[in-house]
Each structure stands twice: as structure tokens, then as C-alpha cells.
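In what follows, a single structure is set out as C-alpha cells and then discussed.
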Amino acid sequence: MPTLQVLRDKVFGAPRDPMKPETRQHIALIAFFAWVGLGADGLSSSCYGPEEAFLALGQHTHLALYLAIATALTVFVISFSYNQVIELFPSGGGGYKVATKLIGPYAGLVSGAALIVDYVLTIAISVASGADALFSLLPMAAQPFKLATRLIFVLILVILNLRGLKESIKFLLPIFLGFVVIHLVLIVYGILFHSSRLPTLLHDTATETLTLSTQMGWAFIISHLLLAYSTGGGTYTGLEAVSNNVNTLAEPRARTGKWTMLYLAISLAFTASGIIMLYLLWNVHHVPGETLNAVVFRDILRSWTLGGVDWARWLLPVVLALEAGLLFVAANTGFLGGPAVLANMAADRWVPHQFSYLSSRLVTRNGVVLMALAAIGVLLWTRGSVTLLVVLYGINVFLTFSLSMAGMCIYWWRNRGVEQKWLWRLALSGTGLSVTGGILVVLIVEKFGQGGWMTVLITSLVIGACLLVRRHYDETRTQLKQVDSLFAGQQMAPVPNPPALDLALPTAALLVGKSRGSGMHTLLWVQRLFPDHFRNFIFLSVGEVDTQSYGGSGALEHLRDEVGENLQYFVNFCHHHGLAAEARLAYGSDVAQELTRLAQQTHADYANCVFFASKLIFVHDNWGTRLLHNQTADVLQRRLHLQGMQMVILPMKI
């Protein structure tokens, strides 16, 4: 067993103590690291978004000039709009929190479901596009191995993310910086090389546009440009990732988030619009088995004549490898953002509570694993087709964007005259809503028959599943509240001279949680089943450090107060009834592990003790109810029995 633990620590890293202040400082991201970890998704979209938009123009490539300008402007409009989200929700949650708090819980559910599907597709499309870039370097005979390569990269990212947020970013940092530097050089050089053509290009674009308007009409030009603009909507994906993960940023979070958004906006606007300009200036055409980026960068590198070296032969593999690498870094954003959304939805009871649990490395492990399994399923289903994935991806992205912008519009209108510069902010949010809403409508109408219907169906199924989960939790919560209410009004003041504990007498060690009613159920049943047998009562509880208690300012202090107050109630209750009692408390992300440790310590002090815990029993018990509720009591009972300690689970019918 120790060998297995050592191997586990080597692969996933050693556990971290969430209660130590330095732990939070260690895992919090400064703006630069956040740009790498959360901005890679946005920047990597320049590897496929501009290509999809340019190809959608067909033979009317002169319209790409308008497309490049519109792309840069759209990036800044959406980015500045999301700065407002960061200000209002500095604890994270982004689009989900905006829709929930400013529009309503069901709007939040739609936004959350769309984000979950979006982040799954982030992983799938980034890995698929990265493999395309990588296999552009290889002969056509290697194409059959592309799908297996994608799946392997997903598994590698899972291991990196289970090690921790900052660890995965540090590992991928050189790839990100390499991409930024080399693309900056290529774009600047590529545009300057044909700078003499720019005046002619502007004139020719205006002339061809007027000619086309005479032949086909302005309606055709606008609709064609809108279609291409919307098809390349994947370019703007990832801009919401920072607002979704503000809770992972270093203090002051809002300021760090805004700087991160600025870095992301500048880098994405320059790269995406610059690549479109390269396509236009270098007269790029599609080559089977290669991306447009591979084609244009090869042409640019062939124009380098320094030293008589074939730069295309030596540097193109590096460029495409960095593109592939950045796309894999971008896939990592799905492993950061997806679990964060699931954790927020778990707090609101839309998804199982297990998705808010943190691992010993303070990672939302269950969310990471779910994202990986779903992404693998999507890759197998679509065979990694980037064209299809972009359609699936774009609709949900802009659904979330639109709900977020609508929520901000509602907020600024409700607070008109109260908030400073509310009119300007309302105008910015309204512009963002017009842009994102327009793209959403075009994508649904134009791409519905090309795979868009599948996105709508999948998101609808996720929403339906969340509604069922919420209904079950609400019913359970209502019944538990009725039990808790029986004891809510009882004030148990400390007893001046409580009965003394005797280590040699029979002892009942009771495992209690947040529910006072559930704890009293256990205590009263112990007394009923074993009247006057136990002379000592030890109450064991673990303050569970999950995403909610580890996210906001003062959350850990609130957790300490809440758990401590609840435990003291049980001790005072026993003292008032002449029973010797004490409480023992621990904190951690793994409740079963901490309870096991407390039980071992208690058994060492009270050799003649029996452990008791309650477990919810449902009238209609099935795999679904077992999935929605943790099995801590069962896990702990098995562990204690293996160590020769006795534990009894008392059923609590719901």
C-alpha cells in the first residue's frame, strides 16, 4: 500500500493542506499565468476560426478585408463586455452566474448546460485541430493514426490537470510563449513583405465590392459576409473562460482578471485578424491534408532568403508543432473551465454534489474525469472532424455569450442613475448582445441541418438531466429541512459543570454532518437501541473543503464557524441530559480520509467504542439516487472493519 501511495504521489503530486494560507497563494494565478492557462483557448482559436471564416467566403475572398476588421473589433467588444462580468462576480462563475443572478435560475441552467457542452467541445476541437496541424507535417499514409493520437493527448491532459492547476500551466508555458513569438514574427513579416500591395488591395476590395453589389445586390454581400463571419465564430471562443475562473486568480481578483482579458484581447485580435490578412495578401488556396495556416506559413518561409537556407523545410515543422501544441494547451482550458462550471451548478443542485468536491491536490477531480470521457466520446462520434465540431461548438458558445450580455443589459438598466457611467456600460453590453445574438441566429439558421441540430439536442438533454437532478435534491432537501426544523428552535447553552468522560466506559462515536436533524436521528436511535449502555458520546465531524468553501473571501472562516457551532449543539444537548460528551473536528477535501483519521484517534483513546453513522434510504432507491448522494458511510464502515473497529450504519428513510 505505501508503494502504491508513493506512485500515486509521483503521478498526481503530493496532497496539499487547504487550511494553510500558503496553499491558496501557491495555486492562485497571476495575470500572466492566467493568460496562458485561461487565454490559450481564445488564442488557439486563431488556428481554425479564421480558416473556417475565410473558406466560407468561397470565391469572394476580397471580402476578407472586412472580415479581418470585424474580427478584431468583435474581440475587443466581447472582451470589454466580460470585464463588467468580472467586476460584478469576482468569485467566478461567469456566464452561469450572470444568467442565474440577473435573469433567473432557469436562464442560468441553460447557460450552464451550454457551457458544459462548450467546454467538452473545447477539448475535442482543440485536440482535433492540433492533430490536424501536427499531421500536416506527415505523409497521407499517417492519417489513419490521427484519431488514436487525439485520444492519447486527452489522457495526457487529464494526468496534468489532476496534478493541479498551476502545475499544468507551467508545463505548457513554453509551448504558449513559442507560439506567440513565432506567430508575431510571421504575421508582421508576412504583411510587411506585401506592404506595397496594401493600397492596391484597398482599392481593389472597394471596386470588387461595388461590382458585386451591382451584379448580386447589397443583400447578397451582407448575408454572405455575415455567414462567413458567423462561421468563423469559433475565433471568439475562450473569451468567457477568464470570467468563469476568476476565483482561481491572485488578489485583487477583479484587477487580475481585467489584465488577463486585456492580454487575451490584444493577442487574439492581432493574431486572428493578422492571419486573415495573410490569407488575402498571399492568395492562399486550400490544399488537401493541410490547414490554410500550413499553406500560408510555408509560402512565407519560402520567401526568406537569408543564408540560402530552405527555411520552410526547417521552420515550418516548428511552426505547426507549436500550433498543435497551443491547441493542446487550449484543450486544457476545457479541463479548467468545465469543472468550474460543474462546481457552481452543483452548489445550486443542478448536478450531483460530487462535482464540487476537491481532490487532495485541490482539483475538481470528478469534473476533470467527466470532461475527458465526454470529449473522448465526441471525438469518436465525429471522427475528429473540425468542420463539424466548429458548428457544434459555435452555437453553444454564442448562446452563453448572448445570455451573459442580456443579463448585463438588464443589470445596467435596473441600476440606471445609480451606477456610474451606466449608460456607456449599457451601450457596451447592448452592442455585445447585438453581435453575439446575431451570430447565434445566423449559426442556428444556416448550420442547423449541418450538425447544429445535434448541438441543440445534446444541450437540451443536459438541461433535462439537470432538471431531474434538481427535482430530486429539492425533494430531499425539503424532507431534511422538516427534520432539522424540529431542533432548530432549541437553544443549547453550555453546561457549567458537564459530566466527566471516562476512557474505560463504553463509548458511542457518532459521525455527524451539516444536518442537525440527521445527527439527532443517529443519537436518539443509539440511545433507543442501546439504553443506558454507552456512557461517553464522541461527535466526529469533518468540515468539507469544496469549491464553494475554498473560493470566496472568508469562505473558510464561515465553514469553521458553521461546523464548530453544529458540533457544539450536540455536545451541549448531551450535557443537558447528563451524558458525558466531546467533539472532534477536522478539515479537508477528502471527507472519508479525514473521518478515518479521526476514528483512529478516537479508538486509540476510547478502546471500548463503537462508531455510528446515519445513511439516507430512499423509498425508490436506484442507481440514480446512489449517484446523487455520497457513500461516505459505506466507505468508512469498510475501512474501519478492516482495521478491527466496529461501525453501525443507521438508516434514515426519506
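The values are calculated or read from the model by the stated rules, or taken from the named source; none is laboratory data. Model, not experiment: these values are computed from the prediction. Positions of Cβ are backbone-derived with ideal geometry, glycine not excepted, and every protein chain shown enters the neighbour counts.
With respect to (1) part of a helix (DSSP H, G or I); (2) modelled with pLDDT of 85 or more; (3) under 26 Å from residue 75 (Cα atoms), the lone exception for residue 299 is condition (3).
Only a single item in (1) among the charged types (D, E, K, R); (2) within 33 Å of the chain's Cα centre (by Cα); (3) at pLDDT 85 or above is not met by residue 562, and it is number (3).
Residues considered: 120, 127, 75. Of these, the only one that is crowded, with 24+ Cβ neighbours inside 10 Å and closer than 30 Å to residue 468 by Cα is 120. Would you call residue 205 of a type outside the set (A, V, I, L, M) and in contact with a His (Cβ under 6 Å, 6 or more places away or on another chain)? In short, yes. If you go through the range 199-226 and keep only what is under 11 Å from residue 60 (Cβ atoms) and either among the aliphatic types (A, V, I, L, M) or outside the structural domain of residue 71 (by TED's automatic domain parsing) (or both), you end up with 212, 216, 221, 225. Note on the range 605-647: residues that are hydrophobic (A, V, I, L, M, F, W, C), over 17 Å from residue 352 (Cβ atoms) and surrounded by fewer than 17 Cβ atoms within 10 Å (Cβ to Cβ) amount to 4.
Among the residues of the range 491-520, the one identified as at pLDDT 85 or above and charged (D, E, K, R) is 502. Once the range 179-226 is narrowed to residues that are hydroxyl-bearing (Ser, Thr, Tyr) and within 30 Å of residue 446 (Cβ to Cβ), the residue that is nearest to the chain's Cα centre (by Cα) is 223.
Where helices (runs of 4 or more DSSP H) fall entirely within the range 152-263, those with at least 2 residues that are of a type in the set (Phe, Trp, Tyr), modelled with pLDDT of 85 or more and touching a helix residue (DSSP H, G or I) at 6+ places or on another chain (Cβ under 7 Å) are at 165-193. Checking the structure you have, find out if any residue of the range 360-376 is within 19 Å of the chain's Cα centre (by Cα), over 30 Å from residue 628 (Cβ atoms) and not charged (D, E, K, R). No, there is no match, as no residue in the range 360-376 is within 19 Å of the chain's Cα centre (by Cα), over 30 Å from residue 628 (Cβ atoms) and not charged (D, E, K, R). Filtering the range 217-263 to residues that are among the β-branched types (Val, Ile, Thr) and under 17 Å from residue 397 (Cα atoms) leaves 231, 235, 237, 242. Quick check: anything in the range 283-304 farther than 28 Å from residue 170 by Cα, of a type in the set (D, E, K, R) and within 37 Å of the chain's Cα centre (by Cα)? Looking through the range 283-304, at least one residue is farther than 28 Å from residue 170 by Cα, of a type in the set (D, E, K, R) and within 37 Å of the chain's Cα centre (by Cα). Pairing each residue of the range 413-433 that is closer than 13 Å to residue 87 by Cβ with any residue that is of a type in the set (Val, Ile, Thr) and buried (at least 17 other Cβ atoms within 10 Å of the Cβ), provided the two are 6+ apart or on different chains, yields C-beta distances under 8 Å for 428/77. Applying the condition of being of a type in the set (A, V, I, L, M) and in a strand (DSSP E or B) to the range 596-613 and asking which residue is nearest to residue 643 (Cα to Cα) yields 610. Contact map, the range 47-76: residues that are closer than 13 Å to residue 275 by Cβ paired with residues that are of a type in the set (S, T, N, Q) and at pLDDT 90 or above, Cβ distance under 7 Å, separation 6+ or inter-chain. Pairs shown: 68/273; 71/273; 72/273.
The rows are residues; the columns are (1) aromatic (Phe, Trp, Tyr); (2) part of a helix (DSSP H, G or I); (3) in contact with a Leu (Cβ under 8 Å, 6 or more places away or on another chain).
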site: 565; (1), (2), (3): no, yes, no
site: 571; (1), (2), (3): no, yes, no
site: 582; (1), (2), (3): no, no, yes
site: 594; (1), (2), (3): no, yes, no
site: 615; (1), (2), (3): no, no, yes
site: 627; (1), (2), (3): no, yes, no
site: 634; (1), (2), (3): no, yes, no
site: 648; (1), (2), (3): no, no, no
